[in-house]
Amino acid sequence: MNEKQRGEILKKHKPQHLFPAEPNLGGWYTEEEIDATTKAIRDSMDWRVGFGFIVDEIIEFEQAFAAYCGTEFAISLSTASVGLDLAMHCLNLEAEDEVICPAINFKASPLAVLGQGAKLVFCEIDPRTFNCDPADVEQRITPRTRAIFPVHMNGLSAPMDDLLDIAERHPHPIHGPLKVIGDAARACGGGHKGVKIGKKGWMNVFSFHTMKLMTTLGEGGMITTDDAELAKRLRGIRQWGGESGTWGSSYKTTKVQAAVGSVQLRRLDEMITQRVKRANERLQLLEGIPELILPYQPLDSDHTFYLFTLLVPPEWAGDKRDKLCQILKEEYLVGTMVANPPVWESQPYIHSQTREQIETLPVSVETARRLFCISLHPLMTEGENAYVAAAVWTAVERVRKM
Ligand SMILES: Cc1ncc(COP(=O)(O)O)c(C=O)c1O
């Protein structure tokens, strides 16, 4: 993109409002979701019927989701955070037990470990993928390790095959092979070696929060698994123990959310295809900026680009990266965010529980000073996407001269 082209694009496609870094609606809704919502309400209006508990709409949504991921079971829940808590609960963790989680992470998974009273052990990430680094995970395993808890970061599959292999090779002395549990909140619809995220590992936990790739009216979650015992236990726990003979509470989704979820799931590939199209166009438009390392898309993975994550060079870490983001936001209305800083930086309780580990995580600390994510949404027009790229070229040139 030469200077003249950039100037024209910046003038022609200048937005009226900020493009938010993490859009407040991840996909989009159509008349189909509205019809499904209206129908679910109408079907519930008879006082002898109501909205029910685990009704047909919920069962149908779960079956369709399991089929999509290629798993035997899918268990819907009120949020992904609840799912992550239940994942840790189902490990029956004891006080000395350890769970390994990437340090560059959203706070929900680390909190789920701490919530069960276990020890949270952070691992490093691979700065190309922002996913956990298997070699580093392996080094942090002790006889007390019970599980590896990767996040499928920003829409790209975690290295599940490597992690499962490590889990087999380092069994816990009593519980056997370590469990591998994926936080797939940002990665619905992604894949690895032709297999959908959700299939590999003991279980994977998805989010349908308003910002996610598919959404169920603002909140929602799902766990996928092939383990029949686990599925039965989770179904019990989400509804006051159910038939499963376990402790329980209420973590159910609703009829209306499930009805909308089934429509969003049918439309998921379309929404992701459009998102990936914009991401690929942007990759081409940004090619050639010497300072930027563009998002890495391993050949064997289907990246969903939940976030479009770049790296600045080491000498731009921190202040210069922040300056670049400030220019993009204030002068070009292009939102950016750091997703994510080391998780202890955004959550004081996590910090209080892990502060002695920080100096063992230099890659995570340094990468977080270099990464930033630029606004991307499937409904951005080609022109708006070109505008974002032109803004990045121009802002980088300005920071280069500082
Ligand atoms: C990686 C990750 N894990 C977990 C969550 C929590 O999901 P939920 O809001 O459905 O509880 C989110 C987002 O909110 C997330 O981005």
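The values are calculated or read from the model by the stated rules, or taken from the named source; none is laboratory data. Predicted, not measured: the structure shown is a model, and the values here were computed from it. Every residue, glycine as well, gets a Cβ built from its backbone with ideal geometry; the counts of neighbours run over all protein chains shown.
Taking the numbered list (1) touching a strand residue (DSSP E or B) at 6+ places or on another chain (Cβ under 9 Å); (2) more than 16 Å from the ligand (Cβ to nearest atom); (3) not in a helix (DSSP H, G or I) in turn, Met1 passes all entries but (1).
Would region 281-293 turn up any residue that is in the same structural domain as Glu315 (by TED's automatic domain parsing) and either basic (Lys, Arg) or closer than 21 Å to His192 by Cα (or both)? Break it down into steps so the answer makes sense when it comes.
Our first condition is that a residue be in the same structural domain as Glu315 (by TED's automatic domain parsing); within region 281-293, this holds for 281-293.
From what is left, the residues that are either basic (Lys, Arg) or closer than 21 Å to His192 by Cα (or both) are 282-283.
Yes, some residue in region 281-293 is in the same structural domain as Glu315 (by TED's automatic domain parsing) and either basic (Lys, Arg) or closer than 21 Å to His192 by Cα (or both).
Residue under question is Ala228, and the condition is that it be surrounded by 24 or more Cβ atoms within 10 Å (Cβ to Cβ) and either under 14 Å from the mean Cα position of the chain (by Cα) or of a type outside the set (Lys, Arg) (or both); does it hold? First the steps, then the outcome.
Details: surrounded by 24 or more Cβ atoms within 10 Å (Cβ to Cβ): no; either under 14 Å from the mean Cα position of the chain (by Cα) or of a type outside the set (Lys, Arg) (or both): yes.
For Ala228, the condition - surrounded by 24 or more Cβ atoms within 10 Å (Cβ to Cβ) and either under 14 Å from the mean Cα position of the chain (by Cα) or of a type outside the set (Lys, Arg) (or both) - is not met.
With the structure loaded, tell me whether Arg321 is charged (D, E, K, R), crowded, with 20+ Cβ neighbours inside 10 Å and either touching a residue at least 12 places away in the same chain (Cβ under 8 Å) or assigned to a helix (DSSP H, G or I) (or both) or whether it fails that test.
On the way: charged (D, E, K, R): yes; crowded, with 20+ Cβ neighbours inside 10 Å: yes; either touching a residue at least 12 places away in the same chain (Cβ under 8 Å) or assigned to a helix (DSSP H, G or I) (or both): yes.
So Arg321 passes the test.
Within region 262-283, track down each residue that is within 26 Å of Ala317 (Cβ to Cβ) and free of Cβ contacts under 8 Å to residues at least 24 places away in the same chain. Walk me through how you get there before you give the answer.
Filtering region 262-283 down to residues within 26 Å of Ala317 (Cβ to Cβ) leaves 279, 282-283.
The one that is within 26 Å of Ala317 (Cβ to Cβ) and free of Cβ contacts under 8 Å to residues at least 24 places away in the same chain: Leu283.
Of all residues in region 102-122, those satisfying the criterion of being without any contact (Cβ under 8 Å) to a residue 60 or more places away in the chain and either surrounded by 24 or more Cβ atoms within 10 Å (Cβ to Cβ) or of a type in the set (Val, Ile, Thr) (or both) are Ala112, Val113.
In region 196-249, which residues are more than 16 Å from the ligand (Cβ to nearest atom), polar (S, T, N, Q) and part of a strand (DSSP E or B)? Hits for region 196-249 are Thr225, Gln239.
Tell me which helices (runs of 4 or more DSSP H) are completely within region 332-402 and hold 1 or more residues being more than 17 Å from Ala317 (Cα to Cα), or say none if there are none. Don't jump to the end; show me each part of the working.
On the way: elements: 348-354, 362-370, 382-400.
Correct list: 348-354, 382-400.
Looking at the structure I just gave you, is Phe73 over 17 Å from Thr367 (Cα atoms), in contact with a strand residue (DSSP E or B) (Cβ under 9 Å, 6 or more places away or on another chain), among the hydrophobic types (A, V, I, L, M, F, W, C) and modelled with pLDDT of 95 or more? Yes: the conditions hold for Phe73.
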